[in-house]
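Enquirer: Okay, handing you the structure first.
The values are calculated or read from the model by the stated rules, or taken from the named source; none is laboratory data. Bear in mind that the values here come from a model prediction, so they are computed numbers and not experimental data. Virtual Cβ from ideal backbone geometry, glycine too; neighbours counted across all protein chains shown. Ligands, DNA and RNA are stripped out before the accessible areas are found, and what is left, the full protein with its side chains, is counted by its heavy atoms. Shrake-Rupley method; radii C 1.70, N 1.55, O 1.52, S 1.80 Å.
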Amino acid sequence: MPAKVWHDHYQQQVAENLNKREVAVCIRRPDGAHWTYRLSMLPAEASYQSFNYRCLERIVKFLLWAWGGNEVFIQGAPEVVAQLKADYSPEGTRAFDYRFMGQTCFLADFRVEAVNELADDAGKVSLEQSATRDLEGCRIGFDLGGSDRKCAALIDGEVVFTEEVKWDPYFQSDPSYHIAGIQDSLERAAKHLPRVDAIGGSAAGVYVNSEPRVASLFRGVSPEDFQLRIRPVFTELQKRWGDVPFVVHNDGDVTALAGAMSLGANGVLGVSMGTSQAVGYINDSGDITGWLNELAFAPVDYAFNAAVDEWSGDLGCGVQYFSQQAVARLIRPAGLDIAGDTSLPERLECVQNRMKLGDERAADIYRTLGIYFGYSIAHYCDFYDFKHLLFLGRVSSGQGGQILQAQAERVLADVYPELADRLTLSMPDEKMKRHGQAVAAASLPTLKTTV
């Protein structure tokens, strides 16, 4: 049951009801940054109670993982707040979200409250969140992956050096391993520059003001060492490099920025389908918003028997529909005989090999992924303002990616023609694959002005 279809049906019921009401949901962070989503809902009558709660709870869940915040304020639907509080609590069905959005990500208590009035503004974004796209000067750009570190040196936008260095960060318990590895890549790049004016980077995980809050790269580090040495890692590295401007963002956002730079356009949503689902967003002004964009945890399927995310325990989340897990989950329904005890990357490779051999059962998996994607893109349009969707990642490689794209475009054309007319779907070109991420990362910092 695609989320977009469910919500369209709900809104049709609202449009036909004379007692409909206006409701607003505000997501707020400890620093005061906040964003508000407004919708119409059915009246607060007992017969609509479960219908209303499912609508609002799924929207709250989506907004938390799209925008990110530790406080949820509801205006216009006080009767649902008690249940939201119970579900988003240490013992509730959304305990994972409660912990993650509270102390883990924003270092503050999580709460849900009913309010009588919300300010009619679009929130605020700190200057640190903007994407300058400034390539002036001598810059270093880096990208930290799970198997390698990529680094590049640029002089006035020209790439003069790139390198990939293999490393194994996931299960390293000593923070010194990670710090030394990043420093080594920076030093390698700096050798090709007359000076270093700015450093920009990207890495998987949740980053707030260039500070890692949750990151798989450091999963082997103890919680104590994470707080003491990993959270301030980029601030400490900045000091080593003479306090030059030093900015780090989530790799999804930097990928979207690279796509925007490659396309020469703004309003880009980037979706990477790999081990998980990673998402980045560049708004219509060309800025990185500072939103989390962790849509791997955002619901896209409202079926009561939807796939379960083993980490959060929730149903129908994006990770189960746009990743290696999605491919593996569809192998048996497609009728393919692929051993279930092999790793997810191996199962994906088997499906892609079957694609090369012309096996229609493998193609059916990608057609299904394309249907998932088409309806989810339409759902994303209710929360993001974008004109271009850039998708990439191992799942999208080869013939399967082409089938996935064609099927998603067909869904949009057949069901949501108004969206199909204004959206473009594309995969990155070779230039972006080679240098795009590093160039985009290097463009993040704003150079210090001299008087």
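Enquirer: Pairing the Cα long axis of helix 175-190 with the longest principal axis of the chain, what angle in degrees results, from 0 to 90 and rounded to the nearest 10?
Expert: With rounding to tens, the tilt is 60 degrees.
Enquirer: Determine the alpha carbon to alpha carbon distance for each of Lys4/Lys85; Lys191/Lys239; Lys61/Lys448; Lys239/Lys387; Lys166/Lys448 and list only those over 30 Å.
Expert: Violating the 30 Å limit, Cα to Cα: Lys61/Lys448; Lys239/Lys387; Lys166/Lys448.
Enquirer: Please arrange Glu211, Glu236, Glu117 by accessible surface area, largest first, computed with a 1.4 Å probe and ligands excluded.
Expert: Greatest to least solvent exposure: Glu117, Glu236, Glu211.
Enquirer: With 20 Å bins from zero, work out the P(r) of the chain over every alpha carbon pair and list the percent per bin.
Expert: Binned Cα distances yield the sequence 24, 57, 19, 0.
Enquirer: Additional query: Take Ile377, Ile338, Ile155 and sort them by solvent-accessible surface of the protein heavy atoms, 1.4 Å probe, largest at the top.
Expert: Result of the area sort, largest leading: Ile155, Ile338, Ile377.
Enquirer: What figure, in Å² to the nearest 10, do you get for the accessible area of Val247 with a 1.4 Å probe and non-protein molecules left out?
Expert: Ignoring ligands and nucleic acids, Val247 comes out at about 30 Å².
Enquirer: Against the empirical 2.2 N^0.38 Å scaling, what ratio does the C-alpha Rg of region 51-210 come to?
Expert: The value comes to 1.42.
Enquirer: Further, regarding this structure: With axes computed from alpha carbons, what is the tilt in degrees of helix 360-380 against the longest principal axis of the chain, rounded to the nearest 10 within 0 to 90?
Expert: That works out to roughly 80 degrees.
Enquirer: Here's something else I'd like to know. What value does region 319-437 have for Rg/Rh, both radii from Cα atoms and Rh as Kirkwood defines it?
Expert: My calculation puts Rg/Rh at 0.99.
Enquirer: Considering region 1-102, what Rg and Dmax in Å follow from its alpha-carbon atoms?
Expert: Cα-based Rg and Dmax for region 1-102 come out at 13.8, 40 Å.
Enquirer: I'd like the FRET efficiency for Asp421 and Glu360, computed as 1/(1 + (r/R0)^6) with the beta carbon distance as r and R0 of 22 Å, rounded to 0.05.
Expert: Calculated value: 0.10.
Enquirer: Positive end of the dipole of the chain, charges at C-beta (+1 Lys, Arg; -1 Asp, Glu), about the Cα centre: which of Leu193, Ala33, Ala256 has its Cα farthest in that direction?
Expert: Result: Leu193, furthest along the dipole toward the positive end.
Enquirer: For region 78-121, what D do you get in µm² per second when you plug the Kirkwood radius from alpha-carbon pairs into Stokes-Einstein at 10 °C and 1.306 mPa s?
Expert: Estimated via Stokes-Einstein, D reaches 141 µm²/s.
Enquirer: Continuing with the same structure: Between rounded, prolate and oblate, where does region 1-44 land on the alpha carbon gyration tensor, with a ≥ b ≥ c its root eigenvalues, rounded for a/c under 1.5, else prolate if a/b exceeds b/c?
Expert: Taking the square roots of the gyration eigenvalues as a ≥ b ≥ c, region 1-44 is oblate.
Enquirer: With N set to the number of residues, divide the alpha-carbon radius of gyration of region 288-387 by 2.2 N^0.38 Å and report two decimals.
Expert: 1.18
Enquirer: Would you check the accessible area of Phe373, probe 1.4 Å, heavy atoms only, in square angstrom rounded to 10?
Expert: Result for Phe373: roughly 0 Å² accessible.
Enquirer: How tilted is helix 3-15 with respect to the longest principal axis of the chain? Cα atoms for both, answer in degrees (0 to 90, nearest 10).
Expert: Result, in degrees: 40.
Enquirer: When the helices in the chain are scored as -39500 (n - 2.57) per DSSP H run of 4 or longer and the sum is shared across all residues, what 222 nm value do you end up with, to the nearest 500 deg cm²/dmol?
Expert: Using -39500 (n - 2.57) per qualifying helix, the result is -10500 deg cm²/dmol.
Enquirer: Using only alpha carbons, build the gyration tensor for region 247-296 and give me the equivalent ellipsoid semi-axes, biggest first, whole Å.
Expert: Over the Cα atoms of region 247-296, the semi-axes work out to 17, 12, 9 Å.
Enquirer: Place a +1 charge on the Cβ of each Lys and Arg in region 136-210 and a -1 charge on the Cβ of each Asp and Glu, then give the dipole magnitude about the Cα centre in debye, rounded to the nearest 20.
Expert: 60
Enquirer: Could you state how much accessible area Trp167 has, in square angstrom rounded to the nearest 10, with a 1.4 Å probe and all protein chains kept in place?
Expert: Accessible area of Trp167: about 20 Å².
Enquirer: Would you work out the charge dipole size for the chain about its Cα centre, treating the Cβ of every Lys and Arg as +1 and the Cβ of every Asp and Glu as -1, and quote it to the nearest 20 debye?
Expert: Roughly 480 debye, rounded to the nearest 20.
Enquirer: Same structure, new question: Once you have a ≥ b ≥ c as the square roots of the Cα gyration tensor eigenvalues for region 202-268, tell me rounded if a/c is under 1.5, and otherwise prolate or oblate according to whether a/b is larger than b/c.
Expert: It is oblate, given that a/c is not under 1.5 and a/b is not larger than b/c.
Enquirer: At q = 0.12, 0.24 Å⁻¹, what base-10 log of I(q)/I(0) does the Debye formula yield for region 148-210 when every alpha carbon is treated as an equal point scatterer in vacuo?
Expert: Summing over Cα pairs of region 148-210 leads to -0.34, -1.14.
Enquirer: How much of the DSSP bridge set in the chain is antiparallel, in percent, rounded to the nearest 5?
Expert: That works out to approximately 65 percent antiparallel.
Enquirer: Show me the trypsin sites (Lys or Arg not before Pro) within region 338-432 that DSSP assigns to loop and that have at most 13 other Cβ atoms within 10 Å of their Cβ.
Expert: Arg422
Enquirer: What does the charge count around Ile403 come to, taking other residues whose C-beta lies under 14 Å from its C-beta (Lys +1, Arg +1, Asp -1, Glu -1)?
Expert: Combined, the nearby Lys, Arg, Asp and Glu give +1.
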